């Protein structure tokens, strides 16, 4: 289910994936995102956070830090900012 429209959404994908299970670095990042209390959608390919700009960006920084600390070798991030027309 997609997250509701928000001021900012951030979608991230963490490498390397594990073929049979959620890799430790992916699980740590998703757990950090979940602990934020922001609207969130975690799928098999990517995780999306949604909410206010400051909250999303602060959480994204924590997610990136923990992913790198636990073994991520690459992280793709897409941040979208809502405008009055979106």
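Counting only residues that are in contact with a helix residue (DSSP H, G or I) (Cβ under 9 Å, 6 or more places away or on another chain), assigned to a helix (DSSP H, G or I) and within 16 Å of residue 77 (Cα to Cα), segment 9-66 holds 13 of them. The test for being at positive phi and more than 12 Å from the chain's Cα centre (by Cα) holds for residue 71. Note on segment 46-57: among residues that are closer than 18 Å to residue 14 by Cα and surrounded by fewer than 17 Cβ atoms within 10 Å (Cβ to Cβ), the one that is farthest from the chain's Cα centre (by Cα) is 57.
This table checks each residue for (1) modelled with pLDDT under 95; (2) more than 10 Å from the chain's Cα centre (by Cα).
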residue: 3; (1), (2): yes, yes
residue: 8; (1), (2): no, yes
residue: 12; (1), (2): no, no
residue: 15; (1), (2): yes, yes
residue: 25; (1), (2): yes, yes
residue: 33; (1), (2): no, no
residue: 44; (1), (2): yes, yes
residue: 66; (1), (2): no, yes
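How many of the residues making up segment 58-85 are closer than 14 Å to residue 29 by Cβ, out of contact with any strand residue (DSSP E or B) (no Cβ under 8 Å at 6 or more places or on another chain) and surrounded by 12 or more Cβ atoms within 10 Å (Cβ to Cβ)?
The qualifying residues number 5.
The values are calculated or read from the model by the stated rules, or taken from the named source; none is laboratory data. These numbers were taken from a predicted model, which means no experiment stands behind them. Here the Cβ is made from the backbone with ideal geometry for all residues, glycine too, and neighbour counts use every protein chain on show.
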